[in-house]
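For reference, the structure discussed in these notes is given below.
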Amino acid sequence: MSMEQLSLFDDREAYNPLASRMRPEDLEDFVGQEHLLGEGKLLRQLINQDRIPSMIFWGPPGVGKTTLAGIIAHKTHAKFINFSAVTSGIKEIKEVMAQAEQSRHMGVKTLVFVDEIHRFNKAQQDAFLPYVEKGSIILIGATTENPSFEINSALLSRCRVFVLQPLSSDDLFRLLKRTLKSQKGFGYLNIEISDDMISMIAEFANGDARTALNVLEMAVTNGEISSDKTSITLDVLKQCIGKKSLLYDKKGEEHYNLISALHKSMRNSDPDASVYWLARMLEAGEDPLYIARRIVRFASEDVGMADSQALPLAIAAYQACHFLGMPECNVHLSHTVIYLSMAPKSNSAETAYNTAKLDAQNMLAEPVPLVIRNAPTTLMEQLHYGEGYVYAHDTKEKMARMQCLPDSLIGKEYYHPTSEGKEAQVKERLEQIKKWKARE
């Protein structure tokens with residue numbers, strides 16, 4: 001082993017980004033994710049016992065997905081291969097899988113880490129499947145997107161999903177304090193920075209360790225240097241953060257108070273209050289995608305059938321936030337919040353589901369009426385599946401007098417349309433349908 005390999009922190013190390021230098025190599029230095037890595041927790045036991053299954057790490061940026069994969073690489077006795085979903089295609093995947101298959105025959109496990117696995121298309125993901133099934137590789141994927149939607153069900157079913165949470169402000173505070181003392185961080189400097197300013201960085205980072213370390217690095221780089229210390233002033237820190245740091249606990253009561261204020265102001269058709277509460281959250285650093293998700297819910301929960309254009313508009317606002325981020329997406333959210341505030345309101349979709357849910361939970365074994373069952377086989381036809389079914393499109397009225405509810409629920413009504421907005425037309429239509437079906 002050369003002297004270069006023996007030196008962990010040679011001169012070039014200081015030029016690496018702080019977030020890279022502070023990446024832990026063992027669980028003792030890992031910050032956060034106590035629900036997975038605390039003493040006795042499942043993932044910690046799997047790592048310590050070197051019994052790693054194929055798995056997916058799902059969580060927002062900067063919470064330790066790649067770091068955990070690196071720790072596993074140090075702990076496992078498997079050959080470790082780091083894969084990027086951004087730069088790797090099917091050809092590269094198959095080459096790596098062929099090497100893994102050879103290693104398996106020699107008794108050597110191969111652990112493949114795929115960062116941003118959600119960026120792989122179906123064909124690329126399918127290329128992993130037979131090797132995961134045979135045990136040729138242990139696959140660890142990292143994703144910021146919901147794996148239920150972004151990862152093939154066949155591959156997902158063969159992986160354990162571990163959900164990583166945003167780091168708490170306390171987690172980030174401890175990480176920043178450690179960084180100031182660590183020789184891998186700024187321990188070689190005498191940094192003067194108050195605990196209040198460290199807390200400001202932790203709050204601003206919004207659960208993202210990489211962001212917190214980047215802000216600290218920028219603040220130190222722009223600090224006031226004297227003969228014996230580097231001082232970080234509040235003015236310098238505010239410039240690095242790029243905005244006024246507002247008091248806003250994104251996981252505490254104020255977080256829920258503000259989203260409640262936005263929701264109820266829109267429900268009460270008050271566009272001025274709605275835009276104000278929106279601005280309060282965005283300017284305090286709230287994730288615009290979180291607000292957009294709540295707006296999507298509101299579009300169906302509170303506007304619903306009264307204006308069915310509310311939902312596609314809310315979805316479009318979410319996509320705009322995803323494409324652009326802050327500050328550009330603030331106008332898309334403002335546009336949608338004002339529209340929803342002024343839209344007619346109906347909660348009939350929510351009340352219909354909640355009422356139906358109670359019956360569904362109590363009658364999970366209720367059989368489907370034979371008339372609306374499919375009959376793809378002769379046996380099923382002999383058992384009267386689909387007997388008497390009328391294809392609605394073949395009728396003059398485009399509907400038939402068939403029983404679609406189970407016997408015990410005949411006549412039960414869940415949907416009660418209001419007379420608000422466009423739903424007034426739906427109400428009139430439903431009344432006509434019921435009158436027609438009631439006629440023999």
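The values are calculated or read from the model by the stated rules, or taken from the named source; none is laboratory data. This structure is a prediction, so every number in the text was calculated from the model and none was measured. Note that each Cβ is placed from the backbone with ideal geometry, even for glycine, and that neighbours are counted across all protein chains shown. The accessibility values were calculated without ligands, DNA or RNA, using every heavy atom of the protein model including side chains. Shrake-Rupley method; radii C 1.70, N 1.55, O 1.52, S 1.80 Å.
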How much area per residue is accessible in the chain when the probe is 1.4 Å and only protein heavy atoms are counted (Å²)? 57
Report, in listed order, any pair from 75/134; 357/434; 79/181; 65/177; 41/94 with a Cα-Cα distance greater than 25 Å. 79/181; 41/94
Taking the DSSP beta bridges in the chain as the whole, what percent of them are antiparallel, to the nearest 5? 10
Label-point separation, residue 328 to residue 401 (7 Å along Cα→Cβ), nm: 5.9
Distance between the range 24-45 and the range 298-360 - C-alpha centres, whole angstrom: 39
Efficiency of FRET from Cβ geometry, residue 16 and residue 273, R₀ 51 Å, rounded to 0.05: 0.60
Low-density loop positions, GluC sites (Glu not before Pro), the range 368-410 - DSSP coil, at most 14 other Cβ in 10 Å: 387, 397
Students often check this: by mean Cβ neighbours within 10 Å, which of 352-359, 281-288 ranks highest, and how do the rest follow? 281-288, 352-359
So what does residue 41 come to for accessible area, using a 1.4 Å probe and Å² rounded to 10? 90
For residue 233, which sequence-distant residues (separation of 5 or more, or a different chain) have an amide H within less than 5 Å of its own amide H, given hydrogens modelled in the peptide plane? 224
By the 4.7 Å beta carbon criterion, which cysteine residues of the chain come out unpaired? 159, 240, 404
For the chain, what is the largest minus smallest coordinate of the Cα atoms on each principal axis, given in angstrom and ordered from greatest to least? 96, 65, 39
Name the residue from 433, 284, 400 whose Cα lies farthest towards the positive end of the charge dipole of the chain, charges +1 on Cβ of Lys and Arg and -1 on Cβ of Asp and Glu. 400
If amide H atoms are built 1.01 Å from N in the plane of the peptide, which residues on other chains or at least 5 residues away come under 5 Å of the amide H of residue 110? 79, 138
Using 7 Å Cα-to-Cβ label points, what is the residue 81/residue 255 separation (nm, one decimal)? 3.9
Asserting the computed 222 nm helical MRE of the chain (DSSP H runs at least 4 long, -39500 (n - 2.57) per run, divided by residue count, to nearest 500) equals -14500 deg cm²/dmol
Under the Karplus relation with 6.51, -1.76 and 1.60 and θ = phi - 60°, whole-Hz ³J(HN,Hα) for the range 150-165, x at Gly and Pro, equal 9, 10, 3, 4, 5, 6, 4, 5, 9, 10, 7, 9, 10, 8, 9, 8
Leaving out ligands, DNA and RNA, what percent of the accessible area of the chain is carbon and sulfur, probe 1.4 Å? 53
Cβ-placed point charges (K, R +1; D, E -1), dipole of the range 98-236 about Cα centre in debye, nearest 20: 840
So residue 28 and residue 225, fully extended at 0.36 nm per residue minus their Cα-Cα distance, gain in nm 67.6 nm
Efficiency of FRET between residue 49 and residue 92 - r from beta-carbon atoms, R0 45 angstrom, step 0.05: 0.90
Among 90, 107, 124 the positive-end extreme of the charge dipole of the range 79-134 (Cβ point charges): 107
